[in-house]
Amino acid sequence: MSETLEFQAEARQLLQLMVHSIYSNKDIFLRELISNASDALDKLRLESLVNKDLSVDTGDLHIALEVDKDQRTLTVRDNGIGMSHEDVVSLIGTIAKSGTAELLRKLRESPEQQQRAELIGQFGVGFYSTFMVADRVTLVTRKAGESQGTRWESAGEGTYEIESLDDAPQGTAVTLHLKAEDSEDRLFDYTAEWKIREIVKKYSDFIAWPIRLDGADTPLNSMKALWARPRSEVADEEYHEFYKHVSHDWTDPFETIHMRGEGTFEYEALLFIPARAPFDLYTRDGKRGVQLYVKRVFIMDDCEALTPRYLRFVKGVVDAHDLSLNISREILQQDRQIQVVQRRLVKKVLSTLREIKDKDQQRYSTFWGEFGRTLKEGLLDDAENREALLDLILLPSTHSQEPTSMREYVERMQEGQSDIYYMTGESRAHVENSPHLEAFLAKGYEVLILTDPVDEVWVEQVTQYDERPLQSVAKGQVDLGAEEIAPERSEGFAPLLAWLGTTLEKDVKEVRLSTRLTTSAACIVGDEHDMTPTLERMYRAMGQ
Ligand code: ADP
Ligand code: MG
């Protein structure tokens, strides 16, 4: 019996946009389907290795492409893990990415087709990309170990049909009923062998499973694990396509890092820094982007033992040679060798960023704009690499509108200036209008303007850079080497200070005369160890 169900609202809206905005490269639908099939094969192999009770034939795991020129259909079939009825409803009928609502809002606000296509590309709408080329999509699937199969079909217009099947082959087959409007255009003829070969070669060559066309024995892809090949033999385009497969991003990466560890613990790592921050960078609770393989066998996604939280934007693969296939996330976290690998990966990522920064400031600042905020979290979490991180941060300052590095700040320090000055606040304007800044600016001292919430926290931990103390201009006694306050001046102000002291008794610790200000009459200064007003607000907002 077949049921008609509605796509979840977000899924429906994304589908609509997918169908109606012209993404410039329709060919990628095949890359997306092959990527999903490959993931499903990876999962099945792992499952069969660790679950001895699962009786499935894993002797010929592969991806089959089948063309029917008369019916104008293209089928992508795998004998991988498959999906249960509930899986299909939840995985295909809904979108669970936490950035979806935000993305949809942006999409609605972008009138330009081009802009919309870019946003969709950033989001990487995998399976739904089929609706760029098909006006009907049928999916038949059966999960490994289950007897009931499921048939799903949709025209991408808001609803789908779903029914149970008694006889479905294990794995998943996705059949596209290609749009009639493309039938005359050679460029969009997805039933032509040359076209399919070209797309597979271009986007999916590295896929580790054989991709066979219409029953032919020779696979279309070379199947070479990219990370195991020497760097010199891999073209940038190959790296880029591999990145898209592991990251589900549609945009080329910002940087590729290919490394190998030899000795007692061998591993290969192929890591990527994305060009753009994903929508859910701050909402998905620090989920990591590096996959773990053991000798070419996929073990897990989002392996948190391999990268620290603050490098959660790094994507890629680590293939470790001497681990058990059965290893759990918990055990991995404790594994000494994995900890060593993590430390090497971190050092390599940070040194790569350093090289980019030294070589091409402009390029580095595009990276910083996307991930700077995340990287700053490392100043708190990673004491071992604090120095390296301090050399990577860019901060707004009173020197100019362009952010500065700590090194540049130090190079500009004035004769007699011993400390690195900063002020935290809600915004640049807020900080610039603060009376706290006056005396510093008057002396020609540069002040770092820290407006990210995370800044409030790291400045509490990081006390110096290059042996120069970091000093808040809003805290404690700042010795600017100013002229002494003349005794008769102190005397003159004594009654006022005493009166202010008693009147404000409940609110302030002390009222004192200062040379800190040049034009303002008074300002409130925090004690050396007090919370800053922004931090206080932050804690209050968190209910503490
Ligand atoms: P993503 O791959 O980014 O998760 P997709 O839209 O491509 O998003 O796929 C959604 C989900 O549907 C996948 O995560 C997977 O769980 C499931 N899926 C898609 N294709 C297959 C397949 N061939 N076999 C098993 N599961 C699949
Ligand atoms: Mg996918």
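Laboratory data are not the source of any read-out in this text; all were calculated from the coordinates shown. Please read all numbers here as calculations on a predicted model, not as lab measurements. We place every Cβ from the backbone using ideal geometry, glycine too, and count neighbours over all the protein chains shown.
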In segment 389-493, taking the dipole from +1 charges on Lys and Arg beta carbons and -1 charges on Asp and Glu beta carbons about the Cα centre, the listed residue (G444, V459, L392) farthest towards the positive end is L392
Determine, from the Cβ-Cβ distance of Q148 and T515 and an R0 of 56 Å, the FRET efficiency 1/(1 + (r/R0)^6), rounded to the nearest 0.05.
0.10
If contacts are Cα pairs under 8 angstrom and at least 6 residues apart, what is the relative contact order of the chain in percent?
10
So for segment 53-112, using the alpha carbon gyration tensor with a ≥ b ≥ c as root eigenvalues (a/c under 1.5 gives rounded; past that, a/b versus b/c decides prolate or oblate), I'd call it oblate
Taking neighbour counts of Cβ atoms within 10 Å as a proxy for exposure, in what order, fewest first, do E432, E184 appear?
E184, E432
Decide, for segment 58-210, between rounded, prolate and oblate: order the square roots of the alpha carbon gyration tensor eigenvalues as a ≥ b ≥ c, take rounded if a/c falls under 1.5, and otherwise choose prolate if a/b is larger than b/c, else oblate.
oblate
Entries in K244/K359; K69/K143; K475/K506; K201/K224; K143/K202; K315/K357 that, when Cα-Cα distance is taken, lie over 23 Å:
K244/K359; K69/K143; K143/K202
Extension gain (nm, one decimal) between R260 and A96, 0.36 nm per residue minus Cα-Cα
55.6 nm
Report the extension gain between I331 and Q113 in nm, rounded to one decimal, defined as 0.36 nm multiplied by the number of residues separating them, less their alpha carbon distance.
73.7 nm
Using a Förster radius of 45 Å, what is the FRET efficiency between Q362 and H321 based on their Cβ-Cβ separation? Nearest 0.05, please.
0.70
How far apart, in nm, are two points set 7 Å out from the Cα along the Cα-to-Cβ line at E66 and at M1?
2.9
Subtracting the Cα-Cα distance from 0.36 nm times the residue separation, let me have the gained length for K224 to E491 in nm, one decimal.
87.7 nm
